[in-house]
Amino acid sequence: MSHLDNNGSRVSRHERYARKQRRKHGKISLLIFGLLICMVIPMLIPSDTPQINQQAVEAAVQELYLDNQFDFLNPNLTREQLEQQIKKVSSLTIDSNDPYYLKAQQAQSKFEAIEGLNTLYETETSIIEGQVVQADLRLRQDVTLDQVTAAVSEINLPEEDALSQQINQLYRDAEQTMQQVVAAQALVEQLPTELASEPDWPTLIADINEIDTLLQTIGSQPPIKTVATEFTKKVDVFATNIKEDSNHQEFDSQLVEQMFECDALARRLSGSILDERKLIALTFDDGPNPSYTPQVLDILAQYDVKATFFLLGQEVVKYPELVKEIADAGHLVENHSFGHPDFATISDDELLDEINRTQEAIYDAAGILPTMYRMPYGSGGARVVQMFPDLQSVIWNVDSEDWVSEDAYTIYLNVMENLLQHTVLLMHDKDQSTVDSLELLIPELIAQGYEFVSPLEINMEFLYYE
Ligand SMILES: [Zn+2]
């Protein structure tokens, strides 16, 4: 038996053994190679495993947000859920530059920034929920500038989306308001508590103007309350001192002009002896009346002047639409009791009832709560004024006596003869002669240079008649 090699030549026994061994080794190598291929190929061929991961990350991040741009936070998110989701996202992605990972981190920054806002502003619920920012936000009364500044320096939200912009804006608003509060406070502290005999008028008026402007900018933000009260107190004292002084000394007319250019002082000096304007408050009592009120409104509209109507509750409930018409035309709607009793002869309870029922009736008719009242017959005195500290009692200093005369020309003459530089004129909305007298009165008052104002702008020395 002979063995031939590939070339057909005879080979030795030893040679045959070596060849067999090589073949055996070749098979093992092939097996290892095959195994390696099987392991490597799945790594080289794109499989769907990373795809699933990416979807899971996206889903986890989406849980944090309301919109699919990942700007606005999911409004139902609690801190616990937020932390859980962020943990989940971190476990699914190792790349810290992964946009989803960044969005998850940003959700936490936004969440904390909104929490920070909630400590600065007065609110029971979150200031920003989803895409909704609470309207008319007010700072907490006890918030300080330092606190706001510290909060502003802590937040770090790049303004790359709508929510970040809103959050940053609210922080900036808070900081700006508190800076204004601190500025106003410093100025108010500098104001003297009483007017010196020779005050430094230019500085004083400039300071008052500046504070007044700051207060108007700050508006009704609670942290300004104490400062505003202190300012009011001081300027009230100044105005009273000025009025007292002007009774027995002549102020330089240029100074008086400056006082009236300063709104805070002008408001308090309006209608006083220093006020060189001619002012009249037309007041109509006892309405509304379906026969006369529409005519009065027509004439007032024709001359574009405003008046004050002291209404009776019992007429208001009968003609609520007239009340609404008066108010809609821009006139003042005020309280003249319900049934026109003499306040001097009724009990406290009856008095409360007269005023309060009328407040309610006017509110129901026109959605307005009067701030002034006039006692029927001007009767009731100090007792009534003390009972209604939140309402302003208004009397008059010129009586048209339209309740005496039934002739328009007589009423007109009576008014013109008694006219004052600052007049609160008493009339009634219940007679044709009053309506007709207006056609004579109003053009004459306009010709004489009268301004038609609210009774509150006329500095009446008394609130009631004794
Ligand atoms: Zn009356």
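Quick notes on this one:
- Averaging the Cα positions of each part gives two centres, and for region 395-462 and region 241-317 these lie 12 Å apart.
- Rolling a 1.4 Å probe over the heavy atoms of the protein chains gives region 108-254 an accessible area of 55 Å² per residue.
- Mean residue ellipticity, 222 nm, helices only, the chain: the sum of -39500 (n - 2.57) across DSSP H runs of n ≥ 4, divided by residue count and rounded to 500, is -18000 deg cm²/dmol.
- Carbon-plus-sulfur accessible fraction, region 74-175 (probe radius 1.4 Å, protein heavy atoms only): 45%.
- With at most 13 neighbouring Cβ atoms within 10 Å, loop chymotrypsin sites (Phe, Trp or Tyr not before Pro) (DSSP) excluded, longest segment of the chain: 1-461
- Residues whose placed amide H lies under 5 Å from that of N74, excluding near-sequence neighbours: Y65, L66
- The chain: angle of helix 145-154 to the longest principal axis, Cα-based, in degrees nearest 10: 20 degrees
- The angle separating the long axis of helix 293-303 from the principal Cα axis of greatest extent in the chain is about 80 degrees.
- Difference of contour (0.36 nm per residue) and Cα-Cα distance, E417 to E250: 57.4 nm
- Within a straight-line Cα-Cα reach of under 16 Å, K103 can be paired with the following aspartates and glutamates, leaving aside sequence neighbours fewer than 8 residues apart in one chain: E58, E63, D67, D71, E83, D95, E112, E159, E160, D161.
- 3J(HN,Hα) couplings calculated from phi for region 313-325 with the Karplus curve 6.51 cos²θ - 1.76 cosθ + 1.60 (θ = phi - 60°) are, in sequence order, x, 5, 7, 4, 5, 7, 10, x, 5, 5, 4, 5, 4 Hz; Gly and Pro show x.
- Karplus (6.51, -1.76, 1.60) ³J(HN,Hα), θ = phi - 60°, over region 351-362, in Hz, Gly and Pro reported as x: 4, 4, 5, 4, 6, 5, 4, 5, 4, 5, 4, 5
- Converting phi to 3J(HN,Hα) with the Karplus coefficients 6.51, -1.76 and 1.60 and the offset θ = phi - 60°, region 407-413 yields 10, 4, 5, 4, 4, 4, 4 Hz in sequence order, with x at every glycine or proline.
- Close amide H partners of L279, meaning residues 5 or more places away or on another chain with modelled amide H under 5 Å apart, are H422, T423, E451.
- Angle between the chain longest axis and helix 201-218 axis [Cα atoms, degrees, rounded to 10]: 50 degrees
- Å² per residue, accessible surface of region 278-457 at 1.4 Å: 42 Å²
The values are calculated or read from the model by the stated rules, or taken from the named source; none is laboratory data. The structure displayed is predicted, hence computed values, not measured ones. Note that we place each Cβ from the backbone using ideal geometry, even for glycine, and neighbour counts take in every protein chain shown. Just the protein is used for accessible areas: all its heavy atoms, side chains included, with ligands, DNA and RNA removed. Shrake-Rupley method; radii C 1.70, N 1.55, O 1.52, S 1.80 Å.
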